[in-house]
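Chemist: Have a look at the structure that comes next, please.
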Amino acid sequence: MNRQKIVITRKIPESYVNDLKKQFEVVMWSSEDQPVTREYLLNEVKDASAILSMLTDTIDRELLSQGSELKVVANMAVGYDNIDVQAARDLGITVCNTPDILSDTTADLAFALMMATARRIVEAAEMVKQGKWLSWSPYFLAGYEIHHKTIGIVGMGKIGEAIAKRATGFDMNILYYNRSRKPDAEQRLGAVYADLDTLLQESDFIVCMIPLTAQTKGLFGEKEFKKMKRTAIFINAARGAVVDESALIAALEAGEIAGAGLDVFEKEPIDANHPLLQFPNVVALPHIGSATHETRSAMIALCCENITRVLRGERPKTEVKS
Ligand code: DGY
């Protein structure tokens with residue numbers, strides 16, 4: 001009997017591949033840095049039973065329909081806006097993601113980004129390296145305080161909660177906005193539910209952790225930035241497309257907000273000449289929310305486990321339900 005075939009869309013460590021190869025046929029895209037081509041994927045999916053995909057891969061209806069034997073797509077990310085989940089459901093294909101295991105790591109990064117933006121860490125470090133540190137002076141590189149300020153978390157999922165937990169250590173007031181109330185987070189972390197307008201008006205730090213969906217696309221636009229304090233700092237570690245980047249650029253140009261820390265962009269990788277990257281008060285990172293050795297290894301392992309389970313006819317550990 002033919003072994004079931006798994007397509008892995010980015011080079012991952014051999015140890016995981018070797019484990020899978022004990023039971024399955026495995027084909028793997030050869031590059032660690034470059035995304036798989038559409039052509040390769042369309043061709044390999046034809047007789048594949050599973051895809052281990054990255055958030056950079058577009059797994060749409062056309063592609064899913066090519067996989068007549070396809071049973072599971074395991075995405076190496078908690079977000080799955082790159083996958084047409086409805087199409088997968090229509091075709092009887094299970095979609096899995098990697099929730100929970102990356103929550104603390106991504107919260108660490110979001111908090112670090114918030115601190116780096118508020119305290120001008122990147123600008124300051126560059127000045128030292130470039131020999132531009134001339135002397136100590138009263139307001140040299142003065143930034144904004146974090147402790148005892150108000151943080152407004154938009155999207156109170158597991159990562160949002162982990163950010164709130166970190167904020168308690170800084171004696172911050174915590175506001176949150178979410179589709180549904182989180183009584184447990186309110187009780188445990190002292191987080192206070194607010195409607196979006198109130199959160200935008202009252203927060204010193206607005207931290208976006210909301211997933212990208214048809215409803216949240218462009219959620220942060222001209223109106224939203226105008227509601228923020230002129231001293232507010234906007235952080236996005238979710239998905240670029242929840243922000244209207246032209247509106248963010250206009251808000252930064254007009255001084256409507258004090259700065260932005262961005263780990264994600266509408267188009268990734270962002271062009272080095274992009275107007276957003278020209279502001280000194282913007283800290284930009286290359287989508288590294290979950291990028292630690294430990295977490296990335298745990299994400300790969302979970303994808304492999306989900307695939308193995310589905311191909312053996314068992315329930316996966318973390319199936320996308322929505
Ligand atoms: C995710 O898992 O969705 C993150 O964006 C990856 O870093």
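The values are calculated or read from the model by the stated rules, or taken from the named source; none is laboratory data. The structure displayed is predicted, hence computed values, not measured ones. Neighbour counts run over all protein chains shown; Cβ positions are idealised from the backbone, glycine included. Areas reflect the complete protein model, heavy atoms only, side chains present, ligands, DNA and RNA absent. Shrake-Rupley method; radii C 1.70, N 1.55, O 1.52, S 1.80 Å.
Chemist: Please work out if His287 is open to solvent by less than 80 Å² (accessible area, probe 1.4 Å), within 16 Å of the ligand (Cβ to nearest atom) and under 30 Å from Met127 (Cα atoms). If you could, list the steps in order and put the result at the bottom.
Modeler: Details: open to solvent by less than 80 Å² (accessible area, probe 1.4 Å): yes; within 16 Å of the ligand (Cβ to nearest atom): yes; under 30 Å from Met127 (Cα atoms): yes.
In short, yes.
Chemist: Inside segment 296-322, can you point out the residues that are within 11 Å of the ligand (Cβ to nearest atom) and surrounded by fewer than 20 Cβ atoms within 10 Å (Cβ to Cβ)?
Modeler: Arg296 - this is the single residue of segment 296-322 that is within 11 Å of the ligand (Cβ to nearest atom) and surrounded by fewer than 20 Cβ atoms within 10 Å (Cβ to Cβ).
Chemist: Moving on to the next point. Would you check which residues across segment 236-256 are open to solvent by less than 40 Å² (accessible area, probe 1.4 Å) and farther than 19 Å from Cys208 by Cα and list them?
Modeler: Within segment 236-256, just Gly255 meets the criteria.
Chemist: On to the next question. Can you tell me which residue within segment 257-279, out of those that are away from the ligand (no atom under 16 Å from the Cβ) and under 22 Å from Phe111 (Cα atoms), is surrounded by the fewest Cβ atoms within 10 Å (Cβ to Cβ)? Talk me through it step by step, then tell me what you get.
Modeler: Just the residues of segment 257-279 that are away from the ligand (no atom under 16 Å from the Cβ), to begin with: 257-260, 271-279.
From what's left, under 22 Å from Phe111 (Cα atoms): 257-260, 276-277, 279.
Working: Ile257: 20, Ala258: 20, Gly259: 20, Ala260: 25, Leu276: 19, Leu277: 13, Phe279: 15.
In this case the residue turns out to be Leu277.
Chemist: May I pose another question? Are any residues in segment 107-127 in contact with a helix residue (DSSP H, G or I) (Cβ under 7 Å, 6 or more places away or on another chain) and closer than 15 Å to Val264 by Cα, and if so, which ones?
Modeler: Listed by number, the residues that qualify are Ala107, Ala110, Phe111.
Chemist: Here's a follow-up. Please indicate, with yes or no, whether at least one residue in segment 135-146 is in contact (Cβ under 8 Å) with a residue 40 or more places away in the chain and in contact with a strand residue (DSSP E or B) (Cβ under 6 Å, 6 or more places away or on another chain).
Modeler: No, there is no match, as no residue in segment 135-146 is in contact (Cβ under 8 Å) with a residue 40 or more places away in the chain and in contact with a strand residue (DSSP E or B) (Cβ under 6 Å, 6 or more places away or on another chain).
Chemist: I need every pair where a residue in segment 250-270 that is outside the structural domain of Pro280 (by TED's automatic domain parsing) has its Cβ under 6 Å from the Cβ of a residue that is surrounded by fewer than 18 Cβ atoms within 10 Å (Cβ to Cβ) and part of a loop (DSSP other than H, G, I, E, B), sequence separation at least 6 or different chains.
Modeler: none
Chemist: Counting just the residues of segment 1-26 that are in contact (Cβ under 8 Å) with a residue 40 or more places away in the chain and assigned to a helix (DSSP H, G or I), which one comes out surrounded by the fewest Cβ atoms within 10 Å (Cβ to Cβ)? It would help to see each step written out before you state the result.
Modeler: Going through segment 1-26, the residues in contact (Cβ under 8 Å) with a residue 40 or more places away in the chain turn out to be 4-10, 12-13, 16, 19-20, 23-24.
Next cut, assigned to a helix (DSSP H, G or I) only: 16, 19-20.
Working: Tyr16: 18, Asp19: 15, Leu20: 20.
Restricting to residues being in contact (Cβ under 8 Å) with a residue 40 or more places away in the chain and assigned to a helix (DSSP H, G or I), the top hit is Asp19.
Chemist: Output the number of residues of segment 27-73 satisfying the condition of being in contact (Cβ under 8 Å) with a residue 40 or more places away in the chain and either more than 26 Å from the chain's Cα centre (by Cα) or on the phi > 0 side of the Ramachandran plot (or both).
Modeler: Here the count works out to 4.
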